[in-house]
Amino acid sequence: MKIETNYYNNRIVKAFLYATVFWAIVGFFAGLFIALLLFYPELPEFLLGSKLKNSQGVIGFGRWRMLHTNTAVFAFVGNVIFTGSYYSLQRLLKTRIFSDLLSWIHFWGWQLFIFFTWITFLFGINTSKEYAEHEWPIDIWIFCIWIIYGINMIGSILKRKIQHLYVSIWFFLGTWVAVAMLHLFNNLELPIDLLSFKSYSIYAGVQDALMQWWYGHNAVAFILTTPILGLMYYFVPKASNQPIFSYKLSIIHFWSLIFIYIWAGPHHLMYTSLPNWAQMLGTIFSIMLIAPSWGGMLNGLLTLRGDWKKVKRDPVLKFFVVGIICYGMATFEGPMLATKTLNSIGHFTDWIIAHVHLGTLGWNGFMAFGIIYWLTQKLWNTKLYSISLANIHFWLGMLGIILYIFPLYFGSVLQAEMWKKFNPDGTLAYKNFLDTVISIIPFYKIRFIGGMIYFIGFIMMIYNLYKTIKKGYFVNDEAFQEVLFSDKKIEKKEKFHSWLEQKPIQFTILSFIAVAIGGFIEIIPTLVIKSNVPTISSVKPYKALELEGRDLFVREGCNACHSAQVRPFRDEVVRYGEYSKAGEFVYDHPFLWGSKRTGPDLAREGGKNPNSWHFNHMYNPRSTSPGSIMPRYPWLIYNKLDRSNTEKKIKAMVKLGVPYTLEYIKNMHKDMDIQANNIVSDIYKEYPSLKKEIERQKEKEKDKFIPLEKREIIALIAYLQRLGTDIKS
C-alpha cells in the first residue's frame with residue numbers, strides 16, 4: 001500500500017454553490033411575479049402604462065411561467081446537484097475531479113444555457129413543450145454540456161482510489177444516462193432553416209404528447225428526484241455522523257426506482273386521446289412507485305435513528321428531515337393522482353401546482369438549504385454564523401410551504417366541484433368558466449403570501465451565509481491522503497451487486513437498460529402501429545395564416561393557461577363540445593393539449609365567439625370578460641405579422657408528413673390575404689368604431705401604417721377560429 005498527498009478541487013464546488021444561490025433568487029422572484037399576476041393581472045400595465053403595447057410581451061405571464069419553471073428546475077436544482085456531486089464524488093472516490101478544465105467548461109456552459117434560456121423565452125422563442133421549451137440550438141448546447149459533465153464524472157470514477165462505488169454514485173450515474181436519453185429523444189426537432197431558431201417537433205399529436213410526458217414526468221424523476229436522493233445518501237449520514245440505515249434497502253431503492261419511474265409518464269394524459277393501454281400502464285407503474293420511493297424515504301429517516309435530539313439542535317438536520325418527509329408525501333400523492341378517480345378531479349386544476357411545489361419547495365428546496373448550510377461550514381472551515389437565523393429560516397420555510405400548498409388544494413377541489421356541478425334541469429350550474437376562476441382568487445392571494453414568507457426565509461439564509469463566509473477561510477485545494485491500492489482478483493464468492501459496484505462501465509450500461517425498457521415499450525407502438533392513432537378524413541392541415549397564428553399562440557405561452565383536450569366527461573362535453581379524438585391532432589407539431597386550465601379549454605373554440613370578440617379579448621380581456629385574470633396582449637394588435645418564414649414553415653411541415661400541395665404553397669400568400677381580409681371585414685361589421693380608429697391611425701402614421709389585415713392579431717384569430725371545426729357536427 002502506498003500513500004500520497006493530493007488535493008480536492010473546491011473551487012468548482014464554490015462556483016456551483018454561488019450559482020445555486022444566485023439562480024434561486026431569480027427563480028423565486030419569477031415565481032412570485034407570476035403568482036402575483038394570477039390575482040393582479042393589471043400589473044404589467046401598472047408598470048409600463050401605455051408602453052405595454054411596445055413591450056413585445058417581455059413581462060407576459062406565459063413567458064414568465066416558462067422562465068420560472070426552467071430556472072427552478074435547471075438553474076436552482078441543477079446547480080445544487082452539481083455543487084453536491086462535485087463535492088461528494090471527489091471524497092467518495094478519494095481522487096481529484098477528472099479534469100479541472102472540463103469542470104469549468106461545464107460550469108460556464110451551464111450558466112450560459114440558463115442565461116440564453118432567459119433571453120430566448122423573454123423574446124418568445126420557445127417550443128411550448130413543458131420543461132423542454134428551449135429551441136433546437138439550445139437543446140444541442142444542453143446535450144453537449146451534459147456529456148461533458150458525464151465525461152468528468154465517469155473519468156473521475158475510472159481513476160478512483162476506492163474500489164466500490166457508494167450508493168450516491170449509483171444515483172448520479174443513473175441520472176446522467178436517463179437525462180441524456182430523455183433529452184435526446186424528446187427534443188428531436190426539424191428547424192425551418194439552419195439560420196432560424198424556429199423548429200417543429202418531429203412527432204405529432206398523440207405521439208408528441210406521449211413523448212413529451214415521457215420526458216416531462218421523468219425530468220421530475222431524474223432531475224428533481226434521483227440526483228437529490230444521491231445527495232441525501234451522502235449528506236444525511238455526513239451531517240448526522242451516522243451510517244446509512246440499510247445497504248440492501250439502498251440497492252432495492254435504486255434499481256426499482258429507475259426501472260419503474262420511466263413507465264409513469266402517461267399518468268399526465270389520463271382521459272385524453274392517448275390509447276387506453278398506455279394510460280393503464282402509466283397508472284399501474286405510478287402506483288408501484290410508492291414502494292421504492294417510500295423505501296428511500298425510510299432509509300433516509302432511519303439513518304437518524306437513535307439521535308433525534310441532535311435533530312432538534314441542528315438546523316441542517318431539520319431541513320433534511322422535513323425535506324425527506326416532503327419527498328415521501330409527494331411520492332405518495334403522485335401515484336394517488338394517477339388513479340382515475342383522483343385524476344378526474346385534480347387534473348387541469350391547481351392541485352397539480354400544489355403537488356409539484358410540495359416537491360420543489362419541500363423536497364428540493366429544503367434538501368438544497370441543508371446541503372448549502374453544511375457545505376458552507378466545511379468549505380470555509382468555520383461554524384455557522386447564526387444557528388438562530390437558520391432555525392428562523394426553517395420555520396419560515398415550513399410556514400411558507402403550508403400557506404402555499406394548502407390553499408391550492410382547497411381551491412382546486414372547489415374549482416373541480418364547480419366545473420362538474422349540474423342543476424336539477426341538467427344544465428351546468430356554473431356555465432361561465434370565469435365564475436370558477438373568480439371563486440379561487442382568495443386562495444391565489446394566500447398562496448402568494450406563503451411564497452413571500454418562503455422567500456423571506458431564503459433572504460435570511462443568504463445573510464447568514466454571507467456572515468459565515470466572512471468569518472471563515474476558504475481552502476481552494478483541500479489536501480487529502482490518497483491510498484493507492486493494487487489490482488486484485490475479485491473473489492468468486494463475491495455477490496453480484498458488490499462485483500457490479502466495482503465495474504462502473506457495466507453499471508452505467510445496466511442503468512441505461514433499466515431506464516430504456518419502459519420508455520421504448522410505451523412509445524414504439526404509438527409510433528409504428530397505425531391503429532393507435534386512427535385518421536379522421538375531415539381533419540385537414542392548418543392554412544398558412546392559421547399556422548402563423550398557432551406559432552404566435554406558442555410564442556406567448558398561451559398553452560400554460562389553456563388546455564386543448566376535451567375529456568369524455570359529461571360536464572366537459574356539455575361545456576366545451578364533443579370529446580377529443582386521437583385523429584384530430586395528426587398535423588399538430590407540437591401538440592398543445594396543455595396541463596392546466598387557468599382559463600377555459602380551447603379545443604372547440606372555433607366559431608364560439610365572433611372575430612371582434614377575440615380582437616377585444618386579446619386587447620383587454622376584462623372588456624369582454626369582467627373579472628378575468630388573463631393578461632392583456634396589446635402588442636399583438638399593433639405588430640406586423642412577419643411572413644418572411646411562412647414558406648419555410650410550410651415546407652418544414654411537408655417534410656414532417658403534413659400533406660400541403662405544391663399548388664397551395666405557390667398560392668400561399670394569396671390564401672393568407674383572402675383569409676385575413678375576411679376576418680377584418682367581419683371585425684369591421686361587428687365593431688364599426690374600430691374601422692374609424694384604424695383610419696385615424698392610417699392618417700397619423702402615414703408610411704409607417706400597418707393595415708389591420710397584416711397584423712399579428714388577425715393570424716391569432718384565424719388559428720383560434722379554426723380550433724375544433726374539422727370535426728364539429
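Among the residues of segment 491-505 satisfying the criterion of being farther than 15 Å from Phe254 by Cβ and part of a helix (DSSP H, G or I), which is modelled with the highest pLDDT?
Ile505
Quick one: in segment 76-109, of everything that is free of Cβ contacts under 8 Å to residues at least 60 places away in the same chain and hydrophobic (A, V, I, L, M, F, W, C), which residue is least open to solvent (accessible area, probe 1.4 Å)?
This residue is Leu102.
Is one or more of the residues making up segment 56-69 open to solvent by less than 10 Å² (accessible area, probe 1.4 Å), assigned to a helix (DSSP H, G or I) and of a type in the set (Val, Ile, Thr)?
No.
Yes or no: Gly724 small (Gly, Ala, Ser) and closer than 29 Å to Trp64 by Cα?
So Gly724 passes the test.
In segment 583-618, what count of residues is obtained for those that are of a type outside the set (Val, Ile, Thr) and either touching a Pro at 6+ places or on another chain (Cβ under 6 Å) or in a loop (DSSP other than H, G, I, E, B) (or both)?
23
Would you check which residues across segment 240-270 are open to solvent by 10 Å² or more (accessible area, probe 1.4 Å), assigned to a helix (DSSP H, G or I) and either more than 21 Å from Ile521 (Cα to Cα) or touching a helix residue (DSSP H, G or I) at 6+ places or on another chain (Cβ under 6 Å) (or both) and list them?
Taking segment 240-270 first, the residues open to solvent by 10 Å² or more (accessible area, probe 1.4 Å) are 241-249, 251-252, 255-256, 259-261, 263, 267-268.
When the remaining residues are screened for being assigned to a helix (DSSP H, G or I), the result is 247-249, 251-252, 255-256, 259-261, 267-268.
Tyr247, Lys248, Leu249, Ile251, Ile252, Ser256, Phe259, Ile260, Tyr261, His267, His268, listed by residue number.
Could you look through segment 44-55, keep only residues that are open to solvent by 20 Å² or more (accessible area, probe 1.4 Å) and of a type in the set (A, V, I, L, M), and pick out the one that is nearest to Gly359 (Cα to Cα)?
Per the criteria, the residue is Leu47.
Collect the residues in segment 311-335 that are among the charged types (D, E, K, R) and either within 27 Å of the chain's Cα centre (by Cα) or modelled with pLDDT of 95 or more (or both), keeping them in residue-number order.
Lys318, Glu333
How many residues are more than 31 Å from the chain's Cα centre (by Cα), among the hydrophobic types (A, V, I, L, M, F, W, C) and surrounded by 17 or more Cβ atoms within 10 Å (Cβ to Cβ) when one looks only at segment 297-310?
So the count comes out to 1.
Within segment 407-449, can you find the residues that are hydrophobic (A, V, I, L, M, F, W, C), farther than 19 Å from His347 by Cβ and assigned to a helix (DSSP H, G or I)?
Leu434, Ile438, Ile441, Ile446, Phe448, Ile449, listed by residue number.
If you go through segment 335-353 one residue at a time, how many are surrounded by 23 or more Cβ atoms within 10 Å (Cβ to Cβ) and under 30 Å from Phe22 (Cβ atoms)?
Residues flagged as surrounded by 23 or more Cβ atoms within 10 Å (Cβ to Cβ) and under 30 Å from Phe22 (Cβ atoms) within segment 335-353 amount to 1.
May I ask you to list the residues in segment 535-557 that are more than 12 Å from Leu716 (Cα to Cα) and out of contact with any helix residue (DSSP H, G or I) (no Cβ under 8 Å at 6 or more places or on another chain)?
Ser537, Ser538, Lys540
Do you know which residues across segment 503-558 are over 20 Å from Asp588 (Cβ atoms) and among the hydroxyl-bearing types (Ser, Thr, Tyr)?
Thr508, Ser511
Hey, does segment 638-659 have a residue that's part of a helix (DSSP H, G or I), in contact with a Gly (Cβ under 9 Å, 6 or more places away or on another chain) and at pLDDT 95 or above?
No, every residue in segment 638-659 fails to be part of a helix (DSSP H, G or I), in contact with a Gly (Cβ under 9 Å, 6 or more places away or on another chain) and at pLDDT 95 or above.
Looking at Glu189 and the list (1) within 26 Å of Thr508 (Cβ to Cβ); (2) at pLDDT 95 or above; (3) not β-branched (Val, Ile, Thr), which single condition is not satisfied?
Among (1) within 26 Å of Thr508 (Cβ to Cβ); (2) at pLDDT 95 or above; (3) not β-branched (Val, Ile, Thr), the lone unmet condition for Glu189 is (1).
Listed here are the residues, each with its yes/no results for (1) of a type in the set (Val, Ile, Thr); (2) under 30 Å from Asp588 (Cα atoms).
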position: His217; (1), (2): no, yes
position: Ala221; (1), (2): no, yes
position: Thr226; (1), (2): yes, no
position: Lys238; (1), (2): no, no
position: Pro243; (1), (2): no, no
position: Lys248; (1), (2): no, no
position: Ile251; (1), (2): yes, no
position: Trp263; (1), (2): no, yes
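Of the residues Ile392, Ile401, which single one is open to solvent by less than 40 Å² (accessible area, probe 1.4 Å), among the β-branched types (Val, Ile, Thr) and in a helix (DSSP H, G or I)?
Only one candidate qualifies: Ile401.
For segment 451-462, enumerate the residues that are over 21 Å from the mean Cα position of the chain (by Cα) and small (Gly, Ala, Ser).
Listed by number, the list holds a single entry, Gly457.
Condition check: without any contact (Cβ under 8 Å) to a residue 60 or more places away in the chain, in a helix (DSSP H, G or I) and out of contact with any Pro (no Cβ under 8 Å at 6 or more places or on another chain). Does Phe512 satisfy that? Full working, then the answer.
Numbers: without any contact (Cβ under 8 Å) to a residue 60 or more places away in the chain: no; in a helix (DSSP H, G or I): yes; out of contact with any Pro (no Cβ under 8 Å at 6 or more places or on another chain): yes.
Taking the combined requirement at face value, the residue does not satisfy it.
When residues of segment 689-729 are filtered for being open to solvent by 80 Å² or more (accessible area, probe 1.4 Å), assigned to a helix (DSSP H, G or I) and touching a residue at least 24 places away in the same chain (Cβ under 8 Å), how many remain?
Our first condition is that a residue be open to solvent by 80 Å² or more (accessible area, probe 1.4 Å); within segment 689-729, this holds for 691-692, 695-696, 698-700, 702-704, 728-729.
With assigned to a helix (DSSP H, G or I) added as a condition, the list becomes 691-692, 695-696, 698-700, 702-704.
Now restrict to residues that are touching a residue at least 24 places away in the same chain (Cβ under 8 Å): none.
Adding up the residues that qualify gives 0.
Given Lys383, Lys421, which one is among the basic types (Lys, Arg), surrounded by fewer than 17 Cβ atoms within 10 Å (Cβ to Cβ) and under 16 Å from Glu572 (Cα atoms)?
Lys421 is the lone residue from the list that is among the basic types (Lys, Arg), surrounded by fewer than 17 Cβ atoms within 10 Å (Cβ to Cβ) and under 16 Å from Glu572 (Cα atoms).
Can you give me the number of residues within segment 84-121 that are more than 30 Å from Ser196 (Cβ to Cβ) and in contact with a helix residue (DSSP H, G or I) (Cβ under 8 Å, 6 or more places away or on another chain)? Give the derivation first.
Taking segment 84-121 first, the residues more than 30 Å from Ser196 (Cβ to Cβ) are 84-104.
Of the ones still in play, those that are also in contact with a helix residue (DSSP H, G or I) (Cβ under 8 Å, 6 or more places away or on another chain) are 84-90, 92-93, 95-100, 102-104.
Number of matching residues: 18.
Here are some conditions: (1) open to solvent by 20 Å² or more (accessible area, probe 1.4 Å); (2) at pLDDT 95 or above; (3) outside any helix (DSSP H, G or I). Arg160 meets all but one. Which one does it not meet?
Every condition holds for Arg160 apart from (2).
Let me confirm something: among Phe185, Phe171, which residue is assigned to a helix (DSSP H, G or I), under 20 Å from Ala514 (Cβ atoms), open to solvent by less than 30 Å² (accessible area, probe 1.4 Å) and out of contact with any His (no Cβ under 6 Å at 6 or more places or on another chain)?
After applying the criteria, what remains is Phe171.
Restricting attention to segment 131-150, report how many residues are out of contact with any His (no Cβ under 9 Å at 6 or more places or on another chain), open to solvent by 20 Å² or more (accessible area, probe 1.4 Å) and not aromatic (Phe, Trp, Tyr).
Selection size over segment 131-150: 4.
For the structure I just gave you, tell me whether Gln207 is out of contact with any Asp or Glu (no Cβ under 8 Å at 6 or more places or on another chain) and open to solvent by 10 Å² or more (accessible area, probe 1.4 Å).
It is true that Gln207 is out of contact with any Asp or Glu (no Cβ under 8 Å at 6 or more places or on another chain) and open to solvent by 10 Å² or more (accessible area, probe 1.4 Å).
Is it true that Ser286 is more than 20 Å from Gln565 (Cα to Cα), open to solvent by less than 10 Å² (accessible area, probe 1.4 Å), small (Gly, Ala, Ser) and in contact with a Pro (Cβ under 6 Å, 6 or more places away or on another chain)?
yes
For Leu375, state whether it is part of a helix (DSSP H, G or I) and within 24 Å of Pro292 (Cα to Cα). Break it down into steps so the answer makes sense when it comes.
Working: part of a helix (DSSP H, G or I): yes; within 24 Å of Pro292 (Cα to Cα): no.
Criteria not met by Leu375.
The values are calculated or read from the model by the stated rules, or taken from the named source; none is laboratory data. In this text the structure is predicted, and so the values were computed from the model without any measurement. Counting neighbours? That spans all protein chains shown, and the Cβs are built from the backbone with ideal geometry, glycine included. We work out accessible area using only protein heavy atoms, side chains counted, and drop any ligands, DNA or RNA first. Shrake-Rupley method; radii C 1.70, N 1.55, O 1.52, S 1.80 Å.
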